Amino acid sequence: STQSTGIASGGLGLIGVAKPLMSEVFGGTLPHVVTAAFASSFILMLSVGNLSGRLAWAAISDKIGRRATFHMFTFGSMAIYASLPTIIQQVVQNQSVASLGAFCGLSVFAISIFGGVYSVLPAYESDLFGAKYVGANHGKMLLFSSTAAIAGPSAFLYLRSASEKAAITDLLSKVDASSFEAKFGSPMSAVDSLIEAKTVTVAKLMEIVPPGTLDPTPFLYDSSFYTIAAAIGIGAVTHSMLKPVNPKWFEKVEEDTSKAAVK
């Protein structure tokens, strides 16, 4: 359940912030490419990845086995989320459309894994614990995984907010006090209330910081990606420790007595 919850948290979190993430992270670097229509298309691509993953990963698991497939889920997702901040940096530094394509492609692949988890999970539970109680076991798994519907988007937004506050603090250390007062009409001693009122933002501070200061906006989601990667990493460890129940202890599925009577 730790593994499924981590992957679901990442998938649902990414879907939940997809449109603002695309605009904030890449809109300033590639404004002619990353338009509102592009951001909407990105959400559509994630939806296609979710659906195709449910079909493709189920077929793959039949070929290579469910346990091997779930190892691919955990280690693949962990690598993807951990690499996204580096790809973002490449886009910002080089204004690379190719790197933007890599970000979109890896995001879709991560969401395909999210979809694949829920298509393969019931059969995997049957492999681990037997077929008789797979419905009850799957219900318990879904109970844990359902927390991801809240935890995923909440984690992305909370960590983004924390990164934004840290970025504002860093930019304030570079701003001249007189420039700040001229821009916002208040002394720097009142900055806390101005931040609370959303008067002081990263975008506005970038207008008065010294030339050459790097805009931190594209990197506000980096901590979110690293945290999700770490959570999935914990899931990978717990999954590697999971051992199937010896088949000799499986309870056999009883034949429907009414059908047996007819026969």
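The values are calculated or read from the model by the stated rules, or taken from the named source; none is laboratory data. Keep in mind that what you see is a predicted model, and the values were worked out from it rather than measured. Note that we place each Cβ from the backbone using ideal geometry, even for glycine, and neighbour counts take in every protein chain shown. Please note that ligands, DNA and RNA were not included when accessible areas were found on the heavy atoms of the full protein model with its side chains. Shrake-Rupley method; radii C 1.70, N 1.55, O 1.52, S 1.80 Å.
Observations on the model:
- Over all distinct Cα-Cα pairs of segment 1-89, the Kirkwood formula returns a hydrodynamic radius of 14.7 Å.
- Kyte-Doolittle mean at least 0.0 and Cα axial length at least 30 Å: DSSP H helices in the chain: 2-26, 36-64, 66-94, 97-129, 148-172
- With all protein chains in place and a 1.4 Å probe, the accessible surface of segment 64-175 carries 67 percent carbon and sulfur.
- Pair Tyr226, Ala182: separation of 7 Å Cα→Cβ label points (nm): 3.6
- Intensity falloff of segment 170-240 expressed as log10 I(q)/I(0), Debye formula with alpha-carbon point scatterers, at q = 0.21, 0.28 Å⁻¹: -0.88, -1.24
- Seen through its C-alpha gyration tensor, with square-root eigenvalues sorted a ≥ b ≥ c, segment 9-149 comes out prolate because a/c lies at 1.5 or above while a/b is bigger than b/c.
- The residues of segment 3-88 expose, per residue, 41 Å² of accessible area to a 1.4 Å probe.
- Segment 114-231, Cα convex hull volume normalised per residue, Å³: 124
- Calculated Cα extents along the principal axes in Å (choose from [x] 67, 37, 35; [y] 91, 37, 32; [z] 78, 45, 38), label: [y]
- Extension gain from Ile150 to Phe75, taking 0.36 nm per residue of separation minus the Cα-Cα distance: 24.7 nm
- Each Cα pair under 8 Å and six or more residues apart adds its sequence gap; the mean of these over the residue count of the chain is a relative contact order of 33 percent.
- Packing around the peptides 149-158, 174-183, taken as the average count of other Cβ atoms within 10 Å per residue, puts them in this order, highest first: 149-158, 174-183.
- Approximating the spin labels as points 7 Å out from Cα along Cα→Cβ, the Ser173-to-Asn94 distance works out to 3.0 nm.
- Order by protection proxy (mean Cβ within 10 Å, highest first), peptides 206-213, 232-239: 232-239, 206-213
- Helical content alone sets the calculated 222 nm signal of the chain at -25500 deg cm²/dmol, taking -39,500 (n - 2.57) per DSSP H segment of four or more residues and averaging over every residue.
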